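Asks: Here it is: the structure, laid out below.
The values are calculated or read from the model by the stated rules, or taken from the named source; none is laboratory data. Given the structure is predicted, the values throughout are model-derived calculations rather than measurements. Accessible surface areas use protein heavy atoms only, side chains included; no ligands, DNA or RNA. Shrake-Rupley method; radii C 1.70, N 1.55, O 1.52, S 1.80 Å.
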Amino acid sequence: WDNADFSRGVGTTFYQEFHTLNTAKPPFVRDVEAKIRRYLRSSYSAAWTLKITWEKAPAYAARTDTRRTNTYQAILTTDGFRSYVLMLYQEGGMQWDYTRLAATNVLIGYT
């Protein structure tokens, strides 16, 4: 997500951290656990979860177009042994015009 540009005052980034080892889990964490169990078909109980949201983020360079924004999230979670990342995008996927970005070798994902 290094191509998001908040320099024009459009969009925001925020996060929420959940420590859930030996505590009651909020509905959001239970939903994350359920997704991991469903996708990986294995048991999972989160000890820690971090939700990062980029809301209405314009592409770099924002000086050229602040109308095409994206909202997306990364959710990092671990049980202390295994760690996972869920990447969630707004309905319809990424909306930036990749032909107008400074770099054209754009990927959605992580390594």
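Asks: Which order do LEU88, LEU21, LEU50 take by accessible area at a 1.4 Å probe, largest first?
Replies: Sorted by accessible area, descending: LEU21, LEU88, LEU50.
Asks: What accessible surface, in Å², does a 1.4 Å probe find on LYS56, ignoring ligands, DNA and RNA and rounding to the nearest 10?
Replies: Result for LYS56: roughly 120 Å² accessible.
Asks: Compute from the Cα atoms of the stretch 12-100 the Rg and the Dmax, the latter being the longest Cα-Cα distance, and quote both in angstrom.
Replies: Rg, Dmax (Cα atoms, Å): 15.8, 49.
Asks: For the stretch 12-100, report the accessible area per residue in Å² (1.4 Å probe, heavy atoms, rounded to an integer).
Replies: Details: 5610 Å² over 89 residues.
Value returned for the stretch 12-100: 63 Å² of accessible area per residue.
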